[in-house]
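For reference, the structure is listed below as structure tokens.
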Amino acid sequence: MSRAPVEGQDARAALPQAAAPGAWWRAPLEDFKREIGWLHEKGDQLLEYLALPILHLIAAALNFGMVLLTGRPLFSLPFRGLKEAMETREVLAGLQLQPRKQGNL
């Protein structure tokens, strides 16, 4: 009897009704994605707060050495964000560093 199909209108009542497919999990998933986005944004902001002072010190030291050697700075300081500091790295790749010509003594 347990394996025999139930006939009539009672058969529809006996089957569990499926919830709308995907309707119950979309709202929590969107909320989770929004929270992960916020977490990434705050993590990037914290990294910027911690890394920028160190990058400023390193860039200032390199600028000092480059002014002594070539007569021009390597970086324009201060960096306003990590994106600006990373853009400097691309500029350095194409930079031809040659010392200025000095008059003969």
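The numbers here are math on the coordinates, done by the rules we state, and not lab data. What you see is a predicted model, and the numbers here were worked out from it, not measured in a lab.
Calculated from the alpha-carbon coordinates, region 23-93 shows an Rg and a Dmax of 19.1, 66 Å respectively.
For the pair Leu68 and Asp44 in one chain, pulling the backbone fully straight at 0.36 nm per residue adds 5.2 nm over the alpha carbon distance. The gain in end-to-end length when the Ile58 to Ile36 segment is fully stretched comes to 4.7 nm, 0.36 nm per residue minus the alpha carbon separation.
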